[in-house]
Amino acid sequence: MSPASSRKGATGETPPRSRRRRTDVQTTEANGRASARRELVENEIYEHAARLFGERGFAGTNLQDIADAVGLTRPALYYYVKSKDELLAKLVTEITEAPAAQLREINARTDLDATGKLRMIAQALVTRQASHPARFRVIIRSEAELPEELSRAHESGKRAVLREVTKVVDEGIRSGQFRPVDPRTAALGVIGMFNWVAWWFRADGRETIDSVADQLAAMAVAAVAQQGHRVPEEAGPAAAIALIRQDLDFLERVIGS
């Protein structure tokens, strides 16, 4: 059959081009609706799975529990997800791997100084914790139950987050914007402050996610900022040393008076 004859309808005539275009548009729209419905159902499955993992633990939850919560039969659930590990892997990616990638992007920006980077990092992490606190709690409570491969991915993600926060604190110390604290200890302290949001934040409370993120970002910066907001005119160790010399000169005057 020739290409021309394959485009002919039952009457043997070639369908008008406009009719073919309408058919193509209708097919595209139908595919779009099917894709949107699948995404909606998958998100619902994910939400119920996270809740059940949080309530019963990963080991105490099975696929039938998740199917019942969503209102699907177990065979229908298999159309969307094949195993609990698949759901847990998605949680690990969202909670530990995705934040690390976001923080790397922030640290790579050249239009922000260390203070701006730390503030943006804080806002990003707090927003994640406050937006989906149950998901974060699930991972923390299920750490001992994670399959080996997911456990390695989870630990790698946590180390990456710590590395990026430590990096920006160290940058701030070197530029003189932050006090000469231990960068890793300071990073662990601010990360711990952000992580607690998953336990106490309530979406129906008086504070919004944005207001909480802004407040904790300001607190994180204040925790490491130089006393009196003293910032050297130039970046680098030499500028920071110049500030220290100013303090020594002041101390000598006090002692000598």
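The values are calculated or read from the model by the stated rules, or taken from the named source; none is laboratory data. None of the values given here were measured: they were computed from a predicted structure. Neighbour counts run over all protein chains shown; Cβ positions are idealised from the backbone, glycine included.
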With the requirement that a residue be under 15 Å from the mean Cα position of the chain (by Cα), surrounded by 18 or more Cβ atoms within 10 Å (Cβ to Cβ) and hydrophobic (A, V, I, L, M, F, W, C), what does region 152-172 give you?
VAL161, VAL165
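Looking at THR115, THR96, THR110, which one is closer than 17 Å to GLU155 by Cα and polar (S, T, N, Q)? Before the answer, list the steps.
Details: THR115 fails: closer than 17 Å to GLU155 by Cα; THR110 fails: closer than 17 Å to GLU155 by Cα.
None of the others qualify; the one that does is THR96.
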What's the number of the condition HIS132 fails, among (1) of a type outside the set (Phe, Trp, Tyr); (2) farther than 30 Å from ILE45 by Cβ; (3) surrounded by fewer than 22 Cβ atoms within 10 Å (Cβ to Cβ); (4) at pLDDT below 95?
(2)
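Conditions (1) buried (at least 16 other Cβ atoms within 10 Å of the Cβ); (2) out of contact with any Gly (no Cβ under 9 Å at 6 or more places or on another chain), marked per residue:
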| residue | (1), (2) |
| --- | --- |
| LEU118 | yes, no |
| GLU143 | no, yes |
| PRO147 | no, yes |
| LEU150 | yes, yes |
Which one of ARG152, ARG104, ARG137, ARG184 is of a type in the set (Lys, Arg), under 18 Å from GLY54 (Cβ atoms) and either in a helix (DSSP H, G or I) or touching a residue at least 12 places away in the same chain (Cβ under 8 Å) (or both)?
ARG137
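Taking VAL41, is it outside the structural domain of ALA222 (by TED's automatic domain parsing), in a helix (DSSP H, G or I), among the β-branched types (Val, Ile, Thr) and at pLDDT below 85?
On the way: outside the structural domain of ALA222 (by TED's automatic domain parsing): yes; in a helix (DSSP H, G or I): yes; among the β-branched types (Val, Ile, Thr): yes; at pLDDT below 85: no.
No; evaluated as a whole, the condition is false for this residue.
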Being among the hydroxyl-bearing types (Ser, Thr, Tyr), at pLDDT 95 or above, at negative phi and part of a helix (DSSP H, G or I), is that true of even one residue in region 157-178?
yes
If you go through region 50-62, how many residues are surrounded by 18 or more Cβ atoms within 10 Å (Cβ to Cβ) and free of Cβ contacts under 8 Å to residues at least 40 places away in the same chain?
2
